[in-house]
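Data block below; observations after.
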Amino acid sequence: SILVAGAILALFVVIALLAGVIAPADPARQSLIQRLRPPGHATAQGFTYWMGTDELGRDLLSRGLHGARASMAVAVASVAVSLVV
């Protein structure tokens, strides 16, 4: 219960901190040829979009991993402000 919640939080923090290392692609790189691909789509070059792509062909897994970093920053800032108040 508490241990599981702590482990999930620790995993989320590690993923947020290492997003630049573990993300399979540049989250801002666009490829209109690869737009709206389904999860698990593999290209001819051997790259797999594990969560698919968005309307601009950006890798959703990479965008989610980098988004975790922004979410963690907002969470830490809001807790810090609430502690000060």
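Look at the range 29-49 and say how many of its residues are touching a His at 6+ places or on another chain (Cβ under 9 Å) and within 29 Å of residue 74 (Cα to Cα).
1
When you go through (1) among the hydrophobic types (A, V, I, L, M, F, W, C); (2) assigned to a loop (DSSP other than H, G, I, E, B); (3) under 20 Å from residue 69 (Cβ atoms) one by one for residue 8, which number turns out not to apply?
The one condition residue 8 does not meet is (2).
Quick one: in the range 27-85, of everything that is of a type in the set (Ser, Thr, Tyr) and assigned to a helix (DSSP H, G or I), which residue is surrounded by the most Cβ atoms within 10 Å (Cβ to Cβ)?
Among those that are of a type in the set (Ser, Thr, Tyr) and assigned to a helix (DSSP H, G or I), it is 62.
Of everything in the range 20-34, what is under 24 Å from residue 70 (Cα atoms) and touching a residue at least 12 places away in the same chain (Cβ under 8 Å)? Give them in sequence order.
20, 22, 23, 24, 25, 26, 27, 28, 29, 30, 31
Within the range 2-17, track down each residue that is open to solvent by less than 80 Å² (accessible area, probe 1.4 Å) and not β-branched (Val, Ile, Thr).
Just the residues of the range 2-17 that are open to solvent by less than 80 Å² (accessible area, probe 1.4 Å), to begin with: 5-7, 10, 13-16.
If the condition is that a residue be open to solvent by less than 80 Å² (accessible area, probe 1.4 Å) and not β-branched (Val, Ile, Thr), then 5, 6, 7, 10, 16 are the ones that fit.
Output the qualifying pairs, or none if there are none: Cβ atoms under 7 angstrom, residues six or more apart or on different chains, first residue in the range 51-63 and in contact (Cβ under 8 Å) with a residue 60 or more places away in the chain and within 12 Å of residue 26 (Cβ to Cβ), second residue of a type in the set (Val, Ile, Thr) and not in a strand (DSSP E or B).
No pair meets every condition.
The values are calculated or read from the model by the stated rules, or taken from the named source; none is laboratory data. Everything quoted here is computed from the prediction, not taken from an experiment. Because the Cβ atoms are built from the backbone with ideal geometry, glycine has one as well, and the counts that use them run over all protein chains shown. Heavy atoms of the whole protein, side chains included, go into the accessibility calculation; ligands, DNA and RNA do not. Shrake-Rupley method; radii C 1.70, N 1.55, O 1.52, S 1.80 Å.
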